[in-house]
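Heads up: the structure comes next, in structure tokens.
The values are calculated or read from the model by the stated rules, or taken from the named source; none is laboratory data. Model, not experiment: these values are computed from the prediction. All Cβ positions, glycine included, derive from the backbone under ideal geometry; neighbour counts span all protein chains shown.
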Amino acid sequence: MAIVRCLDSVRKKGFHDRGRTHNHKKNLEYIKKIIENDHAKNIELIFTTNATNINREFLNLAKNFKSVHFAVSIDGAGELANYIRYPSNWEKIKENLQLIAQDNFGISINTTIQWLNMSRLNEFFDFLNEFMSSRPKQFAGVWFQLVTDPNYLDPIYAPSFLKEKAIKDIEEFLTTSSLLKDEKHSNILFGEFKNSLISCRNFLKDNLTSVKYVDQFIKQMNLLDRLRGQRLAAVLPEFQQLGV
């Protein structure tokens with residue numbers, strides 16, 4: 001059987017995907033075979049996921065492996081999360097995060113800054129404080145970075161009002177957050193969250209007046225809204241000044 005023939009190649013390797021392995025029937029069968037052949041205890045599983053759908057059967061099976069880590073992509077909270085990750089459900093995402101975090105699995109939060117979330121970083125920071133207050137058992141940090149592609153989402157080209165709001169939210173979080181007092185958030189092994197925030201703030205300040213691709217952004221958002229039956233301005237009213 002093909003699954004059995006593949007087992008030797010994964011005995012000592014991590015198992016990476018983008019969050020689909022734990023939901024795909026054939027992949028679940030593959031994982032079961034790894035366990036049955038007594039290889040799981042030597043294998044570390046690493047998943048990148050947006051936590052929209054977590055398979056409970058997989059979570060039970062995963063306890064047989066040496067270690068399991070979930071890198072969870074969260075780019076917004078509430079209705080903004082539902083808009084960016086259409087057609088996701090924010091309440092379900094939070095529920096799935098707790099399923100992972102309260103079990104014996106590693107979890108990190110990966111966040112990319114882009115035009116669509118720059119004016120609502122305060123909401124992301126509020127979510128982060130709430131999530132950390134639940135005391136995830138094996139928290140592996142926050143990885144905070146800037147989108148570089150496509151150009152019309154790259155923060156360097158964002159309208160000044162978005163940059164100003166992002167700078168304000170970051171500075172307030174840096175000043176008031178008790179979360180950042182934990183040295184873990186200055187450690188490169190845990191994402192250097194504090195340093196990344198400072199770098200992001202300084203970068204936005206240095207490029208405050210560098211604005212491009214507004215027309216392309218409007219065109220792309222209007223197209224997506226028509227296809228999805230959504231309206232960006234209903235979620236982010238501040239974008240009305242751009243004409244969306």
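Tell me, please, whether a residue that is out of contact with any Pro (no Cβ under 7 Å at 6 or more places or on another chain), at pLDDT 95 or above and closer than 25 Å to V244 by Cα can be found in region 169-191. The answer is yes, given that some residue of region 169-191 is out of contact with any Pro (no Cβ under 7 Å at 6 or more places or on another chain), at pLDDT 95 or above and closer than 25 Å to V244 by Cα. Restricting the search to helices (runs of 4 or more DSSP H) fully inside region 138-244 and requiring at least 1 residues that are within 20 Å of the chain's Cα centre (by Cα) and more than 18 Å from S108 (Cα to Cα) gives 160-176, 193-206, 232-235.
Across region 87-110, the qualifying residues are those that are farther than 18 Å from E123 by Cα and of a type outside the set (S, T, N, Q), and the one among them that is modelled with the lowest pLDDT is D103.
If only residues of region 113-172 that are of a type in the set (G, A, S) and touching a residue at least 60 places away in the same chain (Cβ under 8 Å) are counted, the one that is surrounded by the most Cβ atoms within 10 Å (Cβ to Cβ) is S119. The residues of region 32-51 that are touching a strand residue (DSSP E or B) at 6+ places or on another chain (Cβ under 8 Å) and either hydrophobic (A, V, I, L, M, F, W, C) or buried (at least 21 other Cβ atoms within 10 Å of the Cβ) (or both), listed by number, are I43, L45, I46, F47, T49, A51. Taking I31 as meeting all but one of (1) in contact with a helix residue (DSSP H, G or I) (Cβ under 7 Å, 6 or more places away or on another chain); (2) at pLDDT 80 or above; (3) closer than 23 Å to T112 by Cβ, write down the number of the exception. Of everything listed in (1) in contact with a helix residue (DSSP H, G or I) (Cβ under 7 Å, 6 or more places away or on another chain); (2) at pLDDT 80 or above; (3) closer than 23 Å to T112 by Cβ, I31 misses just condition (3). Testing G191 on (1) over 25 Å from N129 (Cβ atoms); (2) touching a Phe, Trp or Tyr at 6+ places or on another chain (Cβ under 7 Å), one condition comes back false. Which one is that? It fails just one condition, (1).
Can you tell which of N207, N187 is surrounded by 14 or more Cβ atoms within 10 Å (Cβ to Cβ), over 18 Å from P155 (Cα atoms) and in the same structural domain as N117 (by TED's automatic domain parsing)?
Being surrounded by 14 or more Cβ atoms within 10 Å (Cβ to Cβ), over 18 Å from P155 (Cα atoms) and in the same structural domain as N117 (by TED's automatic domain parsing) holds for just one of N207, N187, which is N187.
Among the residues of region 34-85, the ones that are farther than 22 Å from N117 by Cβ and touching a residue at least 60 places away in the same chain (Cβ under 8 Å) come to 1 in all. No other residue among L179, L99 is closer than 16 Å to F193 by Cβ, in contact (Cβ under 8 Å) with a residue 12 or more places away in the chain and not small (G, A, S) apart from L179.
Checking each residue of region 52-65 against the condition of being at positive phi, at pLDDT below 95, surrounded by fewer than 17 Cβ atoms within 10 Å (Cβ to Cβ) and out of contact with any strand residue (DSSP E or B) (no Cβ under 9 Å at 6 or more places or on another chain) gives no match. Looking across region 52-78, just one residue is β-branched (V, I, T), part of a strand (DSSP E or B) and either under 30 Å from L236 (Cβ atoms) or in contact with a Cys (Cβ under 6 Å, 6 or more places away or on another chain) (or both), and that is V72. Considering the conditions (1) among the charged types (D, E, K, R); (2) in contact with a Ser or Thr (Cβ under 9 Å, 6 or more places away or on another chain); (3) under 26 Å from L45 (Cα atoms), D103 is excluded by exactly one of them, (2).
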